[in-house]
1. Pairs needed: first member in region 38-65, at positive phi and without any contact (Cβ under 8 Å) to a residue 60 or more places away in the chain; second member anywhere, part of a helix (DSSP H, G or I) and within 11 Å of ligand 2 (Cβ to nearest atom); C-beta distance under 9 Å; at least 6 residues apart or different chains.
2. Please return the ranges of helices (runs of 4 or more DSSP H) entirely within region 108-181 where 3 or more residues are modelled with pLDDT under 95.
3. Here are the criteria: (1) more than 12 Å from ligand 1 (Cβ to nearest atom); (2) under 16 Å from residue 37 (Cα atoms); (3) crowded, with 18+ Cβ neighbours inside 10 Å. Tell me which single one residue 66 does not satisfy.
4. Any idea which residue in region 30-63 is nearest to residue 8 (Cα to Cα), counting only those that are surrounded by 17 or more Cβ atoms within 10 Å (Cβ to Cβ) and near ligand 2 (Cβ under 8 Å from one of its atoms)?
5. Specify which of the listed residues (104, 146, 172, 77) is over 27 Å from residue 28 (Cα atoms) and either away from ligand 2 (no atom under 15 Å from the Cβ) or crowded, with 16+ Cβ neighbours inside 10 Å (or both).
6. Identify all residues within region 80-106 that are touching a strand residue (DSSP E or B) at 6+ places or on another chain (Cβ under 8 Å), part of a helix (DSSP H, G or I) and more than 17 Å from residue 12 (Cα to Cα); write none if there are none.
7. Pull out all pairs, ordered by first then second residue, where Cβ-Cβ is under 7 Å, the residues are six or more apart or on different chains, the first lies in region 131-156 and is free of Cβ contacts under 8 Å to residues at least 24 places away in the same chain, and the second is within 12 Å of ligand 2 (Cβ to nearest atom).
8. Go through region 107-121 and give me each residue that's more than 13 Å from ligand 2 (Cβ to nearest atom), closer than 15 Å to residue 13 by Cα and touching a helix residue (DSSP H, G or I) at 6+ places or on another chain (Cβ under 7 Å).
Ligand SMILES: Nc1ncnc2c1ncn2[C@@H]1O[C@H](COP(=O)(O)OP(=O)(O)OP(=O)(O)O)[C@@H](O)[C@H]1O
Ligand SMILES: O=C(O)[C@H](O)[C@@H](O)[C@H](O)[C@H](O)CO
C-alpha cells in the first residue's frame, strides 16, 4: 500500500505513438518521475520483438506486474504526487489489470491514449535507428490494440499535432480530484 495517494499517468498506444518521447519531455518539464515501460521488458520479450514475433498475454502480464512493482516502489520512495509511465497497454484487459492493482495500492490511474495514424507511425518507425521494434511489427500492434472507449479516467488524444493537450491533461489532473474533457 502506497502512503501518499499519487496520480499515475500511463501514456499508452502502439509502437511509435510517442509514449517515450512525451514521457521524457513532460517528466523534465513538470519535474515528476517517469518510468520507461520498455526498460522493464524481460530479455526474452525484447528478443521476441527483435525477431518480429508479437508478444502474447503470457509475455505481457509478467511485464505489467513489473511495471506495477516499480511504480508502487517509486511512489513510496519519492513521495511524488505524480508519476508518468510509458506502457503500450494495448488491450482492455491489460488496462483493467493495471487499474485494479494500482487502485489497490492507493494510487489513482489515468490512461492517455496517444492516437496516431498508422501511416505516420510507419514513417516515424522507419526513421528510428537502433530500436528493437521494427516497422514490420506495426500491423501486429494494431491487431492487438483495443482502443479505449468510455473507460474511466481515460482520455484519447490525437497526439501527432496535439502534444500541448497531453500536457494539459496531466497538469490539470496532477493535484485536483478530477476534470472532464
Ligand atoms: N508528437 C510527435 N511529433 C513528432 N514526432 C514525434 C512525436 N512523438 C514522437 N515522435 C517521434 O516518433 C518516434 C517514436 O516515438 P517514441 O519512441 O516516443 O514512441 P513510443 O510510443 O515510445 O514507441 P516504442 O514503444 O516503440 O518505443 C521518435 O523518433 C519521436 O521523436
Ligand atoms: O505490448 C507490446 O507489444 C509492447 O509493449 C510494445 O508495444 C513495445 O514495448 C513497444 O511499443 C516497443 O516499441
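1. Every condition considered, no pair remains.
2. On the way: elements: 118-127, 138-144, 163-174.
Output list reads 118-127, 163-174.
3. Status for residue 66: all satisfied but (3).
4. 37
5. Details: 146 fails: either away from ligand 2 (no atom under 15 Å from the Cβ) or crowded, with 16+ Cβ neighbours inside 10 Å (or both); 172 fails: over 27 Å from residue 28 (Cα atoms); 77 fails: over 27 Å from residue 28 (Cα atoms).
After ruling out the rest, the residue left standing is 104.
6. Kept after step one, since they are touching a strand residue (DSSP E or B) at 6+ places or on another chain (Cβ under 8 Å), are these residues of region 80-106: 81-90, 95, 98-99, 102-103.
Going one step further and asking which of them are part of a helix (DSSP H, G or I), we end up with 95, 98-99, 102-103.
If the condition is that a residue be touching a strand residue (DSSP E or B) at 6+ places or on another chain (Cβ under 8 Å), part of a helix (DSSP H, G or I) and more than 17 Å from residue 12 (Cα to Cα), then 103 is the only one that fits.
7. Here the result reads 135/125, each pair linking region 131-156 to a residue that is within 12 Å of ligand 2 (Cβ to nearest atom).
8. Within region 107-121, 110, 111, 112, 118 meet the criteria.
The values are calculated or read from the model by the stated rules, or taken from the named source; none is laboratory data. Quantities reported herein were computed from a predicted structural model and do not represent experimental measurements. Positions of Cβ are backbone-derived with ideal geometry, glycine not excepted, and every protein chain shown enters the neighbour counts.
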